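*Asks:* Before anything else, here's the structure in question.
Here, each number is a calculation from the coordinates, and none is a lab measurement. The model shown is predicted, which means the values in this text are computed figures rather than measured ones. So basically every Cβ, Gly included, is an ideal-geometry build from the backbone, and we count neighbours across all protein chains shown.
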Amino acid sequence: MAAEQHDIIVIGSGFGGATLAARLVAAGARVTLLERGPWRDTDAIRAASIAGRAPLPAGKHFFSHALRRVSASWLPGGQINLHHDGLFDLHYDRQLSMLCSSGVGGGSHVYSAMNVRPVDGYWNGHHDNVCSESLAPHYDWILKQMGSRTAASSSALIPNNIVTDSRRPVWMNVAGVRQPEMGFRFGDGSFSNNSFFGSQDNSKVTLDERLLLPLLERGLNVRDRHEVRDICQTEQGFRLVVMDHKHNRMHTLLARRVVLAAGTLNTLRLLFASRARGSLNGMPALGLGIGGNGDVPAYWACNESGRDYSLGTPCHGRFALDNDATDLTRYGLNGVDCIPMPPTLRARLKRDLVLVGMGADSADGIARWQNGKLSLQYRQQNSPVLADIYRAFDRISALSGKKVYFLRSRPITVHPFGGVRLGQNSASSVISARGEVHDIPGLFVADGSALPAAPGVPPSMTIAAWAGHVAAQLSSSSSSSQQEVA
Amino acid sequence: MTSLATNAHTHLNDWRDAELAELFSTLPAGEAPSGYLHGRLFAVRGLGALPRPLAGAIYKLLSTPINPWRGKSFHGEQGSNHLLWLHGPALGHYRIGKQNGMDGQPSLWLDYNVDRNPSLLRAIRGEARQLRQGQWLCRMLWQNDRGQTTLLWFTLQGAQHGR
Ligand SMILES: Cc1cc2nc3c(=O)[nH]c(=O)nc-3n(C[C@H](O)[C@H](O)[C@H](O)COP(=O)(O)OP(=O)(O)OC[C@H]3O[C@@H](n4cnc5c(N)ncnc54)[C@H](O)[C@@H]3O)c2cc1C
């Protein structure tokens, strides 16, 4: 069988990949999207009769479909692959652990739908040709697509929303705290079970149904369960080695241009592994500038009688403590009904809360590739924001008299970024203002790994905005090369 | 399921014949290698139905001293296979040329029909194409009156690429 030739291949269908593919197809490009995970069996995807859907991890599918892979440098081979259709990837590293997801729609299935812009000026100062002003229309586009708005601006009464919660402790300040916009269909959904284990009834807007489904008719070619294993630069473009998990078959695909959007962790893996094999060369700054966005998740065993915090949107809202600027967010264990467990335990979990502290860390972590395994160096003492969050959690413990559990010396993030960062030159960065790898023309990066600094807020909109920007660069270069041909 | 590995050899060692043929069809003939190259074989005819992890494990085993074949040498238009160590005893010699391969595209052609070989080996042909800088993917063929049959695949890799 002869290898297929493609114009643009996009790897990964999360906030970066789905946005980029959608915008390119809308601009008339021919795009093939390769996603290692399956289409998820949600209402919208079922209604579209997409074949081969995989269940979300719920009920009897919970234990089989929750985890795809666990990786750690001390594991044999560096990783254990649990199920091709698993939803989460966990990478454990002493200095920084990361959690990300798998499936058509990427992180939108597991995220808590906080759609937030970073501080003004976030994009300034990293490259002469990129600035916050030029990225602004791309934020507007994705926020509109996700239908993002604050709970207060919706007419529905959202259970457990922090602003309207009459039993909120007095020290949990919301006055003057900006509440996040959320990508929910407020009004007609139940909100419960629409978060970390997927959007069970489509109350949460996900990228597969929102961006990708409508474009299938317009020629977007989505190949689910296709995992890219190697990217090799050739004279004409790129040769990709792809495992088709549906048919247990390896394929070789050729592409003129490739856009990497496999998420920070997996984009780094692919680039490092391909370079180690000799498939790609250069990228001296690969792995520099890793960060965890200052994430510190905590479990607050508040055990409030008469409460069910799992109702409502997963994110209840943001709050602050007196005389403390630390950005804190409150969540319920939305999705706890999906997990098989004794009823008493479930009832207890519904009475507890999750807190997440977040803020711009110093983005100075380094990823390395050693003996075929990824290892991360991340010194938490370089990022004072982490110590600030630890202090805030200690204060909450003291103020409430209820224990807040968190890992003080083992940072874990659901918002990893960097490592393939944007910058002026190849000595300190990997990609240019076009999103193209400095020393590998035709290879682009459009996911969290491209971010040059910590957004300090949930990053999905920033990643999507970057992908929109890269799509615009690709579209303009395609149309100019078409004009040249004409 | 295979995992990403840092080495071209292990990267391919659980692939099937048809998958390798598809990859091979995308490769350029490139320049002929020169000097001594480490070899590793896989996708042996008849073992194609084995589950991938098992096939991968067998080929990994065949890259240990259990299998005496170490690699090949290329000197101008002549070349040989080497046993026991890379510069070890030579067995199976070939003429190096260029011609269209089984898929009709240009390949480096290793023709074992040379006087120095015992008659059994003279029916062997080899096709090589450049996989990456310093790495070649090769197919070993059996030539008879009815045409050519693939016997197995192997990679050749220069010492500096043998990470
Ligand atoms: C529990 C949780 C809650 C979160 N909540 C929020 C939130 O409220 N707001 C927010 O802004 N952010 C949130 N995030 C973070 C957000 O999900 C990520 O920042 C975002 O998804 C990253 O986008 P991406 O495009 O970089 O990667 P992803 O969205 O992770 O997409 C990458 C895709 O590439 C695929 N892929 C990986 N490797 C390969 C390969 N080799 N071949 C083919 N495909 C591949 C993956 O399967 C995946 O689908 C949350 C994350 C988690 C885990």
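*Asks:* Quick check on the stretch A:263-291: of everything there that is more than 14 Å from chain B (Cβ to nearest Cβ) and in a helix (DSSP H, G or I), which residue is nearest to A:Gly372 (Cα to Cα)? Talk me through it step by step, then tell me what you get.
*Replies:* Here is the first cut: in the stretch A:263-291, the ones more than 14 Å from chain B (Cβ to nearest Cβ) are A:263-264, A:283-291.
Filter again for in a helix (DSSP H, G or I), leaving A:263-264.
Working: A:Gly263: 19, A:Thr264: 17 Å.
For the stretch A:263-291, the residue satisfying everything is A:Thr264.
*Asks:* Suppose we filter the stretch A:164-191 for residues that are under 21 Å from the mean Cα position of the chain (by Cα) and in a loop (DSSP other than H, G, I, E, B); how many remain?
*Replies:* Taking the stretch A:164-191 first, the residues under 21 Å from the mean Cα position of the chain (by Cα) are A:179-185, A:191.
Next, from what is left, pick out any that are in a loop (DSSP other than H, G, I, E, B): A:179-180, A:183, A:185, A:191.
Of the residues in the stretch A:164-191, 5 are under 21 Å from the mean Cα position of the chain (by Cα) and in a loop (DSSP other than H, G, I, E, B).
*Asks:* Residues of the stretch A:120-154 being within 12 Å of the ligand (Cβ to nearest atom) and assigned to a loop (DSSP other than H, G, I, E, B), which ones?
*Replies:* Once the filter is applied, which keeps residues that are within 12 Å of the ligand (Cβ to nearest atom) and assigned to a loop (DSSP other than H, G, I, E, B), the stretch A:120-154 yields A:Met146, A:Ser148.
*Asks:* Of the residues A:Gly468, A:Gly418, which single one is in contact (Cβ under 8 Å) with a residue 24 or more places away in the chain, in a strand (DSSP E or B) and either buried (at least 19 other Cβ atoms within 10 Å of the Cβ) or touching a Phe, Trp or Tyr at 6+ places or on another chain (Cβ under 8 Å) (or both)? Working first, answer last.
*Replies:* Values: A:Gly468 fails: in a strand (DSSP E or B).
A:Gly418 is the lone residue from the list that is in contact (Cβ under 8 Å) with a residue 24 or more places away in the chain, in a strand (DSSP E or B) and either buried (at least 19 other Cβ atoms within 10 Å of the Cβ) or touching a Phe, Trp or Tyr at 6+ places or on another chain (Cβ under 8 Å) (or both).
*Asks:* Would you mind listing the strands (runs of 3 or more DSSP E) fully within the stretch A:56-111 where at least 2 residues are within 13 Å of chain B (Cβ to nearest Cβ)?
*Replies:* Numbers: elements: A:67-72, A:79-81, A:88-92, A:97-101.
Those strands (runs of 3 or more DSSP E) span A:67-72, A:79-81.
*Asks:* Can we say A:Arg239 is of a type in the set (D, E, K, R), within 14 Å of another protein chain (Cβ to nearest Cβ) and over 25 Å from the mean Cα position of the chain (by Cα)?
*Replies:* Values: of a type in the set (D, E, K, R): yes; within 14 Å of another protein chain (Cβ to nearest Cβ): yes; over 25 Å from the mean Cα position of the chain (by Cα): yes.
It is true that A:Arg239 is of a type in the set (D, E, K, R), within 14 Å of another protein chain (Cβ to nearest Cβ) and over 25 Å from the mean Cα position of the chain (by Cα).
*Asks:* If you check A:His65 against the conditions, is it at negative phi, within 12 Å of the ligand (Cβ to nearest atom) and buried (at least 16 other Cβ atoms within 10 Å of the Cβ)?
*Replies:* no
*Asks:* Test A:Ile231 against the criterion of being under 30 Å from A:Arg391 (Cα atoms), within 16 Å of the ligand (Cβ to nearest atom) and buried (at least 20 other Cβ atoms within 10 Å of the Cβ), and give yes or no. Full working, then the answer.
*Replies:* Working: under 30 Å from A:Arg391 (Cα atoms): no; within 16 Å of the ligand (Cβ to nearest atom): yes; buried (at least 20 other Cβ atoms within 10 Å of the Cβ): yes.
It is false that A:Ile231 is under 30 Å from A:Arg391 (Cα atoms), within 16 Å of the ligand (Cβ to nearest atom) and buried (at least 20 other Cβ atoms within 10 Å of the Cβ).
*Asks:* Then there is this: Among B:Gly30, B:Gly104, which is the only one that is in contact (Cβ under 8 Å) with a residue 60 or more places away in the chain, of a type in the set (Gly, Ala, Ser) and part of a loop (DSSP other than H, G, I, E, B)?
*Replies:* On the way: B:Gly104 fails: in contact (Cβ under 8 Å) with a residue 60 or more places away in the chain.
Within the list B:Gly30, B:Gly104, the selection yields B:Gly30.
*Asks:* Then there's this: Condition first: more than 9 Å from the ligand (Cβ to nearest atom) and of a type in the set (Ser, Thr, Tyr). Can you find one or more residues in the stretch A:99-119 that meet it?
*Replies:* The initial filter retains those residues of the stretch A:99-119 that are more than 9 Å from the ligand (Cβ to nearest atom), namely A:117-119.
Checking which are of a type in the set (Ser, Thr, Tyr) leaves us with none.
Checked the stretch A:99-119: no residue is more than 9 Å from the ligand (Cβ to nearest atom) and of a type in the set (Ser, Thr, Tyr).
*Asks:* May I ask you to verify whether A:Thr252 is hydroxyl-bearing (Ser, Thr, Tyr), in contact with a helix residue (DSSP H, G or I) (Cβ under 7 Å, 6 or more places away or on another chain) and within 10 Å of chain B (Cβ to nearest Cβ)?
*Replies:* Working: hydroxyl-bearing (Ser, Thr, Tyr): yes; in contact with a helix residue (DSSP H, G or I) (Cβ under 7 Å, 6 or more places away or on another chain): yes; within 10 Å of chain B (Cβ to nearest Cβ): yes.
Answer is yes for this residue.
*Asks:* Of all the residues that make up the stretch B:107-139, how many are within 14 Å of chain A (Cβ to nearest Cβ) and part of a loop (DSSP other than H, G, I, E, B)?
*Replies:* Kept after step one, since they are within 14 Å of chain A (Cβ to nearest Cβ), are these residues of the stretch B:107-139: B:129-137.
Filter once more, so that each one left must be part of a loop (DSSP other than H, G, I, E, B): B:133-134.
Counting residues in the stretch B:107-139 that are within 14 Å of chain A (Cβ to nearest Cβ) and part of a loop (DSSP other than H, G, I, E, B) gives 2.
*Asks:* In the stretch B:44-80, what residues are in a strand (DSSP E or B), under 15 Å from B:Trp153 (Cβ atoms) and not small (Gly, Ala, Ser)? Step through it out loud before you land on a result.
*Replies:* At the first step, the residues of the stretch B:44-80 found to be in a strand (DSSP E or B) are B:69-75, B:78-80.
Subset that is under 15 Å from B:Trp153 (Cβ atoms): B:69, B:71-72.
Passing the criteria: B:Trp69, B:Lys72.
*Asks:* Still on this structure, please answer the following. Determine whether the stretch A:45-55 contains at least one residue that is surrounded by fewer than 17 Cβ atoms within 10 Å (Cβ to Cβ), under 17 Å from A:His226 (Cα atoms) and free of Cβ contacts under 8 Å to residues at least 12 places away in the same chain.
*Replies:* Yes, that holds for at least one residue.
*Asks:* Pull up the stretch B:11-43, narrow it to residues that are over 14 Å from the mean Cα position of the chain (by Cα) and of a type in the set (S, T, N, Q), then point me to the one that is farthest from the other protein chains (Cβ to nearest Cβ).
*Replies:* B:Ser34
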